[in-house]
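The values are calculated or read from the model by the stated rules, or taken from the named source; none is laboratory data. Treat the numbers as computed from the prediction; the structure is a model and nothing was measured. For neighbour counting, all protein chains shown are included, and Cβ atoms are generated from backbone atoms with ideal geometry for every residue, glycine included.
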Amino acid sequence: MNTTDTQNSSKAEIPFAYALGRTCARRWVNSSRGEIRLLRGVALDTAGPVLLVLNGSPNFLHAAAVASALDRPVHFLLPQDACRGLWARWLASQLGVIWQEPGPTDSASALSAACEAHGRGEAVALFAEMEPSRSESLSPTCVAAAKLALDANAASAGGPGFSIVPLHVLDSYGTLAAGEVLLAAGSPITVREFQGGVSAESSLRTLAGALEDGLSQNPFRLDERDLRLFLGDLEQILHADLEEDWAARPNWKQTTEGFEISRFVVECAEELNASDPAALTGLRIELEHYREGVRRWSLHQAKVETAGEWLRSTASRMRYWMEAVLEAPLAFYGFINHLIPIALLMPGSLLGRLAKKDPGHAWLLRVLVVLTTYFVLVSICARQWGRAVAGYYTLTLPLSGLALWRFGRLIRSRIRLLVLARTLQRRKEGLRDLRKCFIEHLNKVRDEYAKAVTVPRII
């Protein structure tokens with residue numbers, strides 16, 4: 001049996017402890033984040049040792065998601081503070097997490113673990129965070145990952161050689177689209193091709209540059225058009241917030257005409273789009289949710305304003321509320337009597353689909369169903385309580401159906417507008433709170449970016 005066959009068989013044999021940990025990790029991630037989806041994983045199906053490099057800061061939940069999504073063992077290099085709590089510690093021990101002491105990434109323990117995984121044909125994974133601004137030409141974490149790969153590949157001479165695979169994670173947690181974790185692998189980088197350069201330093205920097213390019217090609221980034229649309233929507237929401245704030249000040253004459261979004265915020269959005277698309281996606285989803293709320297509120301406001309004079313009359317409003325209260329018991333009685341026809345003729349039912357396919361005979365079908373139901377109900381009533389009670393009950397059936405139809409029209413045409421009119425102001429305040437929350441998130445992201453680029457805050 002050759003070396004490749006040995007590695008393939010060892011790859012297929014997953015230890016019981018790791019399999020148990022992977023199952024627990026999958027359920028943990030599903031319960032806290034949602035479904036795990038591996039969108040582009042062809043590069044991860046190759047046999048042999050692989051160094052996975054995740055674009056982001058160390059995150060144990062993302063490590064658990066990657067381990068859950070792959071069919072081969074993955075041993076993560078993580079700092080001690082990335083995993084807290086007894087449950088997380090136990091899970092990390094089952095997944096074979098390799099703890100790193102504070103210090104450089106290319107520590108002796110990391111190199112030893114990478115060499116052992118190389119011999120078994122397994123995968124080692126670490127995090128390389130793309131920094132928004134730095135004095136060095138290359139990211140220090142990319143340089144550390146490249147050095148680890150070169151040292152492990154050199155220590156395991158004669159084997160198939162390491163390949164580095166950039167791995168991108170989009171975690172929708174914290175956004176209004178929470179419910180899934182997306183994984184996408186980049187193009188693999190063969191470490192052997194970067195050995196034997198002019199010098200070891202030259203090989204290291206060349207490999208680190210290739211890794212950084214792979215991490216920068218994030219498939220979850222917004223394209224240029226979507227980014228510009230997001231910035232345009234962002235400028236509108238900032239204008240609206242300023243206008244509302246200034247309108248509340250007495251004798252304030254300044255307007256937002258001519259105000260443009262800060263260039264610093266534009267740079268922040270562009271950098272987030274390149275280095276952390278998940279954060280930008282979260283902001284975009286929040287903004288779209290707010291815009292959809294404003295659209296619905298404006299539509300309801302227009303319906304209220306065009307409803308007519310009756311909605312502005314206190315007597316008319318009280319009249320319709322009283323009608324709804326008095327007719328509700330009769331409508332409920334009618335609903336009980338017509339529950340069977342409603343269930344049989346609802347849009348998703350068999351008879352409902354038949355009525356939709358043949359509109360010409362739809363009313364005939366409805367009448368037949370209602371009359372058949374009346375006959376069954378009256379027969380049951382006559383058998384249980386006698387013909388006299390059945391006769392009176394028969395008279396109430398069409399009257400209760402009419403009351404149900406009348407109540408339905410009253411709800412749709414009058415009560416709905418009354419409820420909208422009473423809730424418009426409260427919903428407007430809710431939208432204001434939603435906008436303030438979005439701006440707080442935006443300011444937080446902007447301040448974190450300002451700290452990273454080490455420049456004074458621009459207001």
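The table below gives the values:
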item: Residue that is modelled with the lowest pLDDT [pool: residues in the stretch 148-162 that are within 13 Å of Phe194 (Cβ to Cβ) and surrounded by fewer than 21 Cβ atoms within 10 Å (Cβ to Cβ)]; result: Gly161
item: From Ala108, Ala92, residue being assigned by TED's automatic domain parsing to the domain that holds Thr141, of a type in the set (A, V, I, L, M) and at pLDDT 85 or above; result: Ala92
item: Residue among Leu211, Leu204 that alone is in the same structural domain as Ala152 (by TED's automatic domain parsing), under 30 Å from Leu167 (Cα atoms) and in contact with a Lys or Arg (Cβ under 7 Å, 6 or more places away or on another chain); result: Leu204
item: Elements of type helices (runs of 4 or more DSSP H) contained in the stretch 210-324, each with 3 or more residues being free of Cβ contacts under 8 Å to residues at least 12 places away in the same chain, under 30 Å from Trp405 (Cβ atoms) and not basic (Lys, Arg); result: 277-305
item: Top-ranked residue of the stretch 13-46 - restricted to ones that are of a type in the set (Gly, Ala, Ser) and either surrounded by 15 or more Cβ atoms within 10 Å (Cβ to Cβ) or more than 25 Å from Ile164 (Cα to Cα) (or both), ranked as modelled with the lowest pLDDT; result: Ala43
item: Gln100 vs. criteria of a type in the set (S, T, N, Q) and at pLDDT 85 or above; result: no
item: Boolean, Ala421 is among the small types (Gly, Ala, Ser), assigned to a helix (DSSP H, G or I) and either under 35 Å from the mean Cα position of the chain (by Cα) or under 16 Å from Gly334 (Cα atoms) (or both); result: yes
item: The stretch 217-251: number of residues that are surrounded by fewer than 16 Cβ atoms within 10 Å (Cβ to Cβ), of a type in the set (S, T, N, Q) and at pLDDT below 85; result: 2
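Each row is one residue, and each column tells you yes or no for (1) at pLDDT 85 or above; (2) in a helix (DSSP H, G or I); (3) more than 27 Å from Leu280 (Cβ to Cβ); (4) under 25 Å from the mean Cα position of the chain (by Cα).
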{"residue": "Ser57", "(1), (2), (3), (4)": "no, no, no, yes"}
{"residue": "His62", "(1), (2), (3), (4)": "yes, yes, no, yes"}
{"residue": "Ser68", "(1), (2), (3), (4)": "yes, yes, no, yes"}
{"residue": "Asp71", "(1), (2), (3), (4)": "no, no, yes, yes"}
{"residue": "Leu78", "(1), (2), (3), (4)": "yes, no, no, no"}
